[in-house]
1. Check which residues have an amide H placed less than 5 Å from VAL146's amide H, if you skip close sequence neighbours.
2. Please calculate the 1.4 Å probe accessible area of VAL59, with all protein chains present, and give it to the nearest 10 Å².
3. Using each residue's phi in the stretch 117-128, evaluate 6.51 cos²θ - 1.76 cosθ + 1.60 at θ = phi - 60° and report the 3J(HN,Hα) Karplus result to the nearest Hz, with x for Gly and Pro.
4. Quick one: which of LYS72/LYS175; LYS53/LYS84; LYS72/LYS115 span more than 32 angstrom between C-alpha atoms?
5. Here are several values of Cα Rg over 2.2 N^0.38 Å: [x] 1.03; [y] 1.27; [z] 1.42. Which one was derived from the coordinates shown?
6. Work out from phi, with θ = phi - 60° and the Karplus expression 6.51 cos²θ - 1.76 cosθ + 1.60, the ³J(HN,Hα) of each residue of the stretch 150-160, listed in order in whole Hz, and give x for Gly and Pro.
7. Given contacts defined as C-alpha pairs under 8 Å and at least six residues apart, what's the relative contact order of the chain, whole-number percent?
8. ³J(HN,Hα) across the stretch 165-177 via Karplus (A = 6.51, B = -1.76, C = 1.60, θ = phi - 60°), whole Hz, x for Gly/Pro?
Amino acid sequence: FLVRIPYPAGMGPYKVINETARYLELWCEATNIPGVALSTTNINRYGYAGIEKKPHTAVMNDITLNFIADGKTAILQFFQQWIKMIVNFDMRSGINPSTNNGLMANQAPYEVAYKNAYITDIELIVFNDGGQEVLNIVLREAYPIVLGDMPLNWGDTNTAARIPVTFSIYDWYSKNN
């Protein structure tokens, strides 16, 4: 699966992978096609009869993408910086924002960035065995909410490290229909 991630606006000139790129393209080892759930409310039909469920909104499931780490940790650094831009959890210079270690200008530690700075529309592209695109799903207003643990084990020789990243999305659509 190919995942195309345009750089979020708040990442600005910071590009871990490539200074001139407008988006990052990564091969994803595993994911799920995003799901959706309908929130319902119980009502009495005709005001007194049996209970009936009525839908009132769609709720998008979070989606986890599993990437294979590169040898220079650039992919891991990209997601670490993206999450740190959303909530600057770097306290190595103290609470003073003038000695800021975050990506956003004058972002104090544990300050949350504005949503328009960290969201982006991610494309999830699925190919068949012949290399033709069969599905292209756009995850709208996506941002990482979990950068999963990366187990490191001395006995795992000749095994690539994997980076699980869970994204929250506002909604999604398929470009194929």
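The values are calculated or read from the model by the stated rules, or taken from the named source; none is laboratory data. Since we're looking at a predicted model, the values are computed, not measured. Quick reminder, even Gly has a Cβ in these numbers, built from the backbone with ideal geometry, and neighbours come from all protein chains shown. Ligands, DNA and RNA are stripped out before the accessible areas are found, and what is left, the full protein with its side chains, is counted by its heavy atoms. Shrake-Rupley method; radii C 1.70, N 1.55, O 1.52, S 1.80 Å.
1. Amide H neighbours of VAL146, under 5 Å, 5+ apart: THR166.
2. The accessible area of VAL59 comes to roughly 60 Å².
3. Running phi through 6.51 cos²θ - 1.76 cosθ + 1.60 with θ = phi - 60° gives 7, 10, 8, 7, 9, 9, 9, 10, 10, 10, 10, 8 Hz.
4. Details: LYS72/LYS175 34 Å; LYS53/LYS84 41 Å; LYS72/LYS115 29 Å.
Over 32 Å apart, Cα to Cα: LYS72/LYS175; LYS53/LYS84.
5. So the structure-derived entry is [y].
6. Along the stretch 150-160, the couplings run 10, x, 10, 9, 4, x, 8, 6, 6, 10, 6 Hz.
7. Numbers: 357 pairs, mean separation 42.7, N = 177.
Normalised by residue count, the contact order of the chain is 24 percent.
8. 10, 9, 10, 9, 10, 6, 6, 8, 8, 9, 6, 7, 9
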